[in-house]
Structures are given as C-alpha cells and as structure tokens.
1. Checking LYS249 against (1) in contact with a Leu (Cβ under 9 Å, 6 or more places away or on another chain); (2) in the same structural domain as VAL296 (by TED's automatic domain parsing): exactly one of these is not met. Which one?
2. Taking the options LEU288, LEU219, LEU273, LEU322, name whichever one is surrounded by fewer than 12 Cβ atoms within 10 Å (Cβ to Cβ), at pLDDT below 85 and not assigned by TED's automatic domain parsing to the domain that holds ASP32.
3. With SER139, SER145 as the choices, which residue is in a helix (DSSP H, G or I) and at pLDDT below 85?
4. Among the residues of the stretch 41-83, what is the count of those that are assigned to a helix (DSSP H, G or I) and of a type in the set (Val, Ile, Thr)?
5. From the list LYS243, LYS249, LYS280, pick out the single residue that is without any contact (Cβ under 8 Å) to a residue 24 or more places away in the chain, exposed (fewer than 12 other Cβ atoms within 10 Å of the Cβ) and either over 35 Å from the mean Cα position of the chain (by Cα) or under 30 Å from GLU224 (Cα atoms) (or both).
6. Note down all Cβ pairs under 6 Å where the first residue falls in the stretch 135-147 and is within 15 Å of LEU105 (Cβ to Cβ), the second is surrounded by fewer than 14 Cβ atoms within 10 Å (Cβ to Cβ) and acidic (Asp, Glu), and they're at least six residues apart or on different chains.
7. Pairs please, first residue from the stretch 296-313 and over 13 Å from GLY211 (Cβ atoms), second anywhere and outside any helix (DSSP H, G or I), Cβ atoms under 6 Å, 6+ apart in sequence or on different chains.
8. Looking at ILE62, ILE85, ILE92, can you tell me which residue is without any contact (Cβ under 8 Å) to a residue 60 or more places away in the chain, in contact with a helix residue (DSSP H, G or I) (Cβ under 6 Å, 6 or more places away or on another chain), over 26 Å from VAL142 (Cα atoms) and not assigned by TED's automatic domain parsing to the domain that holds ASN261?
Amino acid sequence: MSAVVGVAWTVYGIVCGVFFLFSIGFTRYYQDRHERDTLATITTILALGLVFSCLALLPVDIFLVSSTVDPLTGLKKAWATPDTIENMQFVIQWVYYGCYGMIGLFCFFLIPFVYFYYEEEDVDQARRDRIRGAFKYTSFFVVISIFLFLFALFLKPNLPPPKLDLDWLKKILMESNGEKTIAFVIACLAFLGMLLMMGYTAPGLSLFPIGLIKGRKRLDIENEDVDNQLAVVRERQRALQAKYSGNNKVMTTHDYRNLENLEDEERILLRRLRGIEEDKHSVWQKILTFWRPFEVVIGFVSFALTWVIIVSMFLTMQVSNLPIASPS
C-alpha cells in the first residue's frame, strides 16, 4: 500500500513542478517587459501553478480509489482495510482543503491586494503609503465578498423566519456545505467579468463586416498618418531628454520607462513606414486592389448574417416564453 501511495504522490509532485515551470514561462512570455513588477509576477506564477495543481489532484484521487480494488475480482485488495482507506481519504481530503483554501486566499485577498498595490505605484509615493492604499481597496473587495456570501447563505425565500441561534446556523451550513453560497459569490463576480467580455467581444460581429466594407486606408494617407505619429513620438522623446540635460539630476524610473516605451514606439512606426514603402511596390497590393469589389460583397453578406443571428436570438427568446399547449 505504501508503495502505491508513494508513487501516486511522487508523480503528483513532479507534475506540479512541471506546472509551476510552465506558469513561469507563460507569465514571463506574456508580461510587458517595461511594466513588469516582481510582486505581481510572483503572485501570477503561484496562482497559475496552484490552479493547475488543483486540477492534477483529481486524477490522483481517482487512482488512489481505484488502486484499492482488484480489477479481476472486483473485490477490495488485502491491504485495503477500512483503517487504511480512511487514512487515505483523510490525507486527500486535507490536500483538497489546503489547495482550495489557498485558491480562496489568492482570489479574495492576495490577487486584489497585488493589483491595487501595483496601481498605487507613483514616483513620489512611499512604499508604506502604497501598502496602506492597497489594503484599503482590498478591504472594500473583501467586505463586498463577505456581504455576498452572507446574502447567499441566509437568503431562504421559501422558508419561514428562523430562530437565530447556533443550531440554526449549523443547520444552514450543513444543508448546503457552503457549495451554493460559494457558487453564488463566484457567479456574481463572474457576471461582472462576463459583462466586460461581452463589451469587448460582441462588437466583433458588426466591426468585422464594417471593416470589410470600409476597407483599408490608402497607402499615401496611411503614410502621412504614420509620419505625424512619428513626429509626435520624437517630440515627446526630446522633451524627456531635455528635462534631464544640463544638470546632474538622475532620471526617475517612471520617466525612464516612458522613454523606453517611446523608443519602442518609434521603432514600430519606422517598421510600419518601411512596410508601407514595400507595399507600394508589391504584387500583393495589386491583388488587393483587384479583390476590393469582392471584399465589399463579403462585407455586406457578413453584415446581413449578423442581423440574421441577432433576429434569430430574439425570436428564440420570444418562442421560449410562449405557453406550451398540453395535449388533449
């Protein structure tokens, strides 16, 4: 028995290590190298690794349970005594509690705190003031979460007014095991995220056909726009450099990051200018010019398809609200 359990937890530890390495690479790849923060990076890596580790815990649970049964006879193995199985269940249960407790700590405290701590960053602001401000905004988030938790826990519209005592509170907790309450809180927070996702993704149904109908800018107009943006970027660079020229004042971290961002933006604009010059003499540009009438037709068809989807959704909602006649 000890060999089976040891192998299972050893493999689980190796898989968790791989997940944490993946989280490090994933975070380092997608983070902005100019806006990176050590605390935010560490928190992101730990949160991702913890979530993946929780997902990997389910196969371990299934393997430990199935290892107690002989596949040939379907009976418990000789070593699978009630005490042994109870010990295995105790260990896996507390690992579940630990993992999901850590996820709750990250979701409701650490991640909001690190976010607000990063947003409080200022050149002239002390670290103590940043921590105080982050704690203040995080406490608001925690209070709102606790309010939602209590609202979901005590709201029972179909039951008579209860007698408020410890037995009633214990009964409430034992009836739902907190699952419905936690699901309600997560649903409320996810609803806000869903609204943001809808606001960012839904316009694609209309913007895509409109973009096809409208078409790209002419190359000479686009070239002029890029030239104007490049002039503005270079002027902002000159203003930042002039701020510290002629004196011994050290450039602040905020201004240094802004200067690096402006230099990156300048390189991007110069690359766009070179691309525009190459497009003016490319065969692909001539093909696009020939393809333009078909692009407009596809845009109108896509726009009509968008409206068909919208009307179908409204008709589906109306039909679902109609009363269904019972068979006579």
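1. (1)
2. LEU322
3. Result of the check over SER139, SER145: SER145.
4. 9
5. LYS249
6. none
7. That search, which allows pairs on different chains as well, returns nothing.
8. Unique residue meeting the criteria: ILE92.
The values are calculated or read from the model by the stated rules, or taken from the named source; none is laboratory data. Quantities reported herein were computed from a predicted structural model and do not represent experimental measurements. When we count neighbours, we look across all protein chains shown, and the Cβ atoms used for this are built from the backbone with ideal geometry, even at glycine.
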